[in-house]
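Some notes on the structure that comes next.
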Amino acid sequence: MSKVKSTYVCQSCGAQTSKWMGKCTTCGEWNTIEEEIISDSQPSIVSKVLEKNGQPENSVYLSDVEVGRIKRIISSDNELNRVLGGGIVPGSLVLVGGEPGIGKSTLLLQMALRTASMRFLYVSGEESGEQIKMRADRIGQDNHEVLLYSGTKVEDILAQTKKVSANFLIVDSIQTIRTALIDSAPGTITQIRECTHLLQQFAKQSNIPVFIIGHITKEGVIAGPKLLEHIVDVVLQFEGDSHYDNRILRSIKNRFGSIAELGIYEMHPNGLSEVENPSEILFTKRDEPVAGVAIASMVEGARAFIIEIQALVTSSVYGNPQRSATGFDTKRLNMLLAVLEKRCGFQIGDKDIFLNVAGGLKLKDTATDLAVLAALISSFNNYPLPLKVAFCGEVSLTGEIRPVNSIDLRINEVQKLGFEKIYCSKNVSSQWKGVSPVHNIADLVYQMRSM
Ligand code: TYD
Ligand code: MG
């Protein structure tokens, strides 16, 4: 008889307790603990499906392991290949997270439809075959090697993959599938964790790459928070702003490559298109300069691009001045404002301040500090910056401009796009044409008067 165990699991952080509680003692959330039933005695379906001869494999000497044997699968999507570190590693488990409607299903379906010489099994627990076909029609591609399956039981999905001899599995989404090993509903922490474990074992044993789609919660974490990140090999986040067509594919964890790489796409009525030259879509070419706009040069992975920072500094109408930033860390904005006030005497305590990074990008590169300050000062003084000027430097608490990494990449990109001057830290070698050193913020304010 199967042994039935029940456990209480926090749906927010995954912590387990032996009894129900109103508040999770691990993450402090209220009303998140639910009972989940686990039946213990069923054998793992993965070993059943993939049983070879029942014998465990022997261990090998590390020195005997041959490297270079792994041949990455080069998909049709160059941005995806780049973010994964040069293609898809066979047997890897990749989680693609993102808000609903951002384009996760489109991204993976499009990759499957356009990649030749692989047989894909696309499992959808969310949409009917008809809906997926409509999406494929929009993308405008047909591929006889893409098979659809609408089952939601992991056991069936794995058996189906084997049955149709698929060598690529896509699961859309992890929140809709379940395993018979656990009685709780699909989407609960225990189900998500167990299904991911099974898919991980399957990927490793069969050497088939498995991509799973995961929705992110309001707080921006993939449901089943950090739990999944430990299990999977790669975590990709698909981001974007619904007001823009730009989509960004970012790697948060990658066991096979750098996490600094970024993939950039544009959503069109007929699918996603790769953006090879991001600078061209990330900043608006203007004929007339506008106050409050400054151009920064940022680096992600091995690529530099130019982005537009927009600032608005106005007198506050309400008692509490607002500080709001889109695409930029609000804490860092507050720090820069404090430095501006303390080191240059700007009276901004009673101003509403808004900062926006054009194109829906989220900046993590501190080299954009200088451009943020330039945009703020420009808006404060209502004095536009010249069109062909860019900024690149980190600002310290002392108000000094610090040097940044990959300066040659940044300067090259700026010059490629026809900018004539780039303001940088004084440490940047003067061998570069058009580089203008800035010592500290006071110096920036002084130089901006004659720009
Ligand atoms: P979808 O892939 O369904 O998002 P997710 O799987 O992340 O929930 O994409 C949904 C949005 O993308 C939807 O608003 C329509 C839009 N879209 C296009 O603009 N062009 C297209 O070619 C496709 C397929 C979708
Ligand atoms: Mg979807």
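Answer yes or no: is there a residue in the range 428-440 that is part of a helix (DSSP H, G or I) and over 32 Å from the mean Cα position of the chain (by Cα). No, the range 428-440 has no match at all.
Scanning the range 417-442 for residues that are in contact (Cβ under 8 Å) with a residue 24 or more places away in the chain and among the charged types (D, E, K, R) gives E420, K421, K426. Within the range 102-114, can one find any residue that is part of a loop (DSSP other than H, G, I, E, B) and either under 17 Å from I248 (Cα atoms) or within 16 Å of ligand 1 (Cβ to nearest atom) (or both)? Taking every residue of the range 102-114 in turn, at least one turns out to be part of a loop (DSSP other than H, G, I, E, B) and either under 17 Å from I248 (Cα atoms) or within 16 Å of ligand 1 (Cβ to nearest atom) (or both).
The single residue among L385, L397, L409 that is on the phi < 0 side of the Ramachandran plot and buried (at least 22 other Cβ atoms within 10 Å of the Cβ) turns out to be L385.
Kindly evaluate S2 against the criterion of being in contact with a strand residue (DSSP E or B) (Cβ under 8 Å, 6 or more places away or on another chain), over 30 Å from A112 (Cα atoms) and at pLDDT below 80. Break it down stepwise before answering.
Details: in contact with a strand residue (DSSP E or B) (Cβ under 8 Å, 6 or more places away or on another chain): yes; over 30 Å from A112 (Cα atoms): yes; at pLDDT below 80: yes.
Judged against the criteria, S2 is a match.
For the range 239-252, a residue qualifies if it is outside any loop (DSSP other than H, G, I, E, B), in contact with a helix residue (DSSP H, G or I) (Cβ under 6 Å, 6 or more places away or on another chain) and surrounded by fewer than 22 Cβ atoms within 10 Å (Cβ to Cβ), and exactly one does: N246.
Taken together, I139, I73 contain a single residue that is open to solvent by less than 20 Å² (accessible area, probe 1.4 Å) and in contact with a strand residue (DSSP E or B) (Cβ under 6 Å, 6 or more places away or on another chain), which is I139.
Could you go through the range 73-85 and let me know if any residue there is over 18 Å from the mean Cα position of the chain (by Cα) and either at positive phi or within 16 Å of ligand 1 (Cβ to nearest atom) (or both). Please lay out each step first, then the result.
Going residue by residue through the range 73-85, those that are over 18 Å from the mean Cα position of the chain (by Cα) are 73-76.
In the following step, the residues that additionally are either at positive phi or within 16 Å of ligand 1 (Cβ to nearest atom) (or both) were identified as 76.
The answer is yes, given that some residue of the range 73-85 is over 18 Å from the mean Cα position of the chain (by Cα) and either at positive phi or within 16 Å of ligand 1 (Cβ to nearest atom) (or both).
Just wondering, is there one or more residues in the range 159-168 that are away from ligand 2 (no atom under 13 Å from the Cβ), surrounded by fewer than 16 Cβ atoms within 10 Å (Cβ to Cβ), among the charged types (D, E, K, R) and in the same structural domain as P269 (by TED's automatic domain parsing)? Full working, then the answer.
Applying the first criterion (away from ligand 2 (no atom under 13 Å from the Cβ)) to the range 159-168 yields 159-168.
Imposing the further condition that a residue be surrounded by fewer than 16 Cβ atoms within 10 Å (Cβ to Cβ) reduces the set to 159, 162-165.
If we keep only those that are among the charged types (D, E, K, R) too, we end up with 162-163.
Filter again for in the same structural domain as P269 (by TED's automatic domain parsing), leaving 162-163.
For the range 159-168, residues away from ligand 2 (no atom under 13 Å from the Cβ), surrounded by fewer than 16 Cβ atoms within 10 Å (Cβ to Cβ), among the charged types (D, E, K, R) and in the same structural domain as P269 (by TED's automatic domain parsing): present.
For the range 256-280, give me each residue that is within 24 Å of R72 (Cβ to Cβ) and within 16 Å of ligand 2 (Cβ to nearest atom). Scanning the range 256-280 gives Y265, G271, L272.
Annotation note: of E288, E266, the sole residue that is farther than 21 Å from L409 by Cα and in a strand (DSSP E or B) is E266.
Filtering the range 90-101 down to residues that are more than 6 Å from ligand 1 (Cβ to nearest atom) and open to solvent by 10 Å² or more (accessible area, probe 1.4 Å), which residue is farthest from L169 (Cα to Cα)? This residue is E99. Residues in the range 270-280 that are more than 13 Å from A390 (Cβ to Cβ) and more than 16 Å from ligand 1 (Cβ to nearest atom) were compared, and the one that is least open to solvent (accessible area, probe 1.4 Å) is P278.
The values are calculated or read from the model by the stated rules, or taken from the named source; none is laboratory data. Bear in mind that the values here come from a model prediction, so they are computed numbers and not experimental data. No Cβ is skipped: glycine too gets one built from the backbone with ideal geometry, and neighbour counts run over all protein chains shown. The accessibility values were calculated without ligands, DNA or RNA, using every heavy atom of the protein model including side chains. Shrake-Rupley method; radii C 1.70, N 1.55, O 1.52, S 1.80 Å.
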